[in-house]
Amino acid sequence: MDSQVNVHEAKTHLSRLLEQVEGGDEIVIARNGRPVARLVPATERRPPRMPGAWRGQVWMTDDFDETPDDVVDPFYASTLFPSDGGTAEGDRP
């Protein structure tokens with residue numbers, strides 16, 4: 001259950017509010033009725049990424065960027081986007 005408290009109440013009851021947050025609640029702290037901050041459960045930090053950690057374990061085939069005709073042709077045969085003077089309908093560039 002999300003709730004809103006004013007700054008004075010947050011300062012007075014911080015321990016209770018932290019218990020609520022640990023239970024999964026989100027607390028909005030407001031000043032003069034206007035939200036200014038949120039108390040939310042902390043997430044665990046991930047270890048830093050290591051560039052090159054997958055080096056030598058992943059590779060791409062030589063034809064990686066070649067799309068087979070049976071995949072490309074339906075895009076050019078579609079009437080969804082009719083040709084407007086560029087190429088004839090059904091013609092591939």
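The values are calculated or read from the model by the stated rules, or taken from the named source; none is laboratory data. No experiment lies behind these values; they were computed from the predicted model shown. When we count neighbours, we look across all protein chains shown, and the Cβ atoms used for this are built from the backbone with ideal geometry, even at glycine.
Worth pointing out:
- Lone qualifier among Pro35, Pro51 - being surrounded by 10 or more Cβ atoms within 10 Å (Cβ to Cβ) and at pLDDT 90 or above: Pro35
- Of all residues in segment 26-59 being outside any loop (DSSP other than H, G, I, E, B) and not basic (Lys, Arg), the one that is farthest from the chain's Cα centre (by Cα): Ala30
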